[in-house]
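First up is the structure itself, then whatever we jot down about it.
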Amino acid sequence: MISSNLYNYVDILDKAADAGWLRQQAISNNIANQDTPRYKRQDVDFEGVLERELGKNKYVTLDEKVRNINMNHLNAEIYVDSPRFDYRLDENNVDPEQEYVQLASAQIKYNALIDSMNEEFSRIKSVIK
């Protein structure tokens with residue numbers, strides 16, 4: 001993390017990109033285990049973590065919320081999605097078609113986050129000139 005208010009948005013985008021990468025790994029793991037008996041699909045929920053952190057500072061501007069956010073609380077983790085749900089006889093709840101759609105979506109979001117970080121650095125660079 002860079003300790004300056006100038007990089008607050010970049011730090012959040014960095015955490016979001018890390019979570020996006022982790023989500024792609026979880027989805028790939030789901031696809032690899034689609035035929036493993038009793039396997040339960042896994043996912044990552046960074047959006048919920050970010051929403052909770054931003055919601056702690058009500059009635060302030062977004063810039064103030066971002067400035068006051070605790071970056072140590074923005075760590076996304078893999079969780080088991082619907083552990084008691086299974087629709088197959090082998091008690092596996094992975095739908096391969098759904099996983100491929102989720103993987104494509106996660107890759108698009110990850111690429112957008114990287115583009116956003118590049119744009120933030122371009123803005124910072126233009127201000128410094």
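The values are calculated or read from the model by the stated rules, or taken from the named source; none is laboratory data. This structure is a prediction, so every number in the text was calculated from the model and none was measured. Here the Cβ positions follow ideal geometry from the backbone for every residue, glycine too, while neighbour counts run over all protein chains shown. Note: accessible area is taken over every heavy atom of the protein model, side chains too, but ligands, DNA and RNA are not part of it. Shrake-Rupley method; radii C 1.70, N 1.55, O 1.52, S 1.80 Å.
Please state which of the following conditions I31 fails to meet, knowing it meets all the rest: (1) in contact with an Asp or Glu (Cβ under 7 Å, 6 or more places away or on another chain); (2) over 18 Å from Q98 (Cβ atoms).
Checking I31 against (1) in contact with an Asp or Glu (Cβ under 7 Å, 6 or more places away or on another chain); (2) over 18 Å from Q98 (Cβ atoms), the one that fails is (2).
Does K58 fit the bill of being basic (K, R), open to solvent by 40 Å² or more (accessible area, probe 1.4 Å) and not in a helix (DSSP H, G or I)?
Details: basic (K, R): yes; open to solvent by 40 Å² or more (accessible area, probe 1.4 Å): yes; not in a helix (DSSP H, G or I): yes.
Here the answer is yes, as K58 does meet what is asked.
Looking at A16, A26, which is the one that is crowded, with 17+ Cβ neighbours inside 10 Å, within 29 Å of P83 (Cβ to Cβ), among the aliphatic types (A, V, I, L, M) and in contact with a helix residue (DSSP H, G or I) (Cβ under 7 Å, 6 or more places away or on another chain)?
Answer to the check: A16.
S126 - would you say it is out of contact with any Leu (no Cβ under 8 Å at 6 or more places or on another chain), of a type in the set (S, T, Y) and outside any helix (DSSP H, G or I)?
Answer is no for this residue.
Looking at I124, I31, can you tell me which residue is in contact (Cβ under 8 Å) with a residue 60 or more places away in the chain and within 16 Å of Y7 (Cα to Cα)?
Among I124, I31, only I124 is in contact (Cβ under 8 Å) with a residue 60 or more places away in the chain and within 16 Å of Y7 (Cα to Cα).
Going through the stretch 106-120 one residue at a time, which ones are exposed (fewer than 14 other Cβ atoms within 10 Å of the Cβ), under 14 Å from the mean Cα position of the chain (by Cα) and polar (S, T, N, Q)?
Answer for the stretch 106-120, where residues must be exposed (fewer than 14 other Cβ atoms within 10 Å of the Cβ), under 14 Å from the mean Cα position of the chain (by Cα) and polar (S, T, N, Q): just N111.
Does any residue of the stretch 85-94 turn out to be at pLDDT 90 or above and open to solvent by 90 Å² or more (accessible area, probe 1.4 Å)?
no
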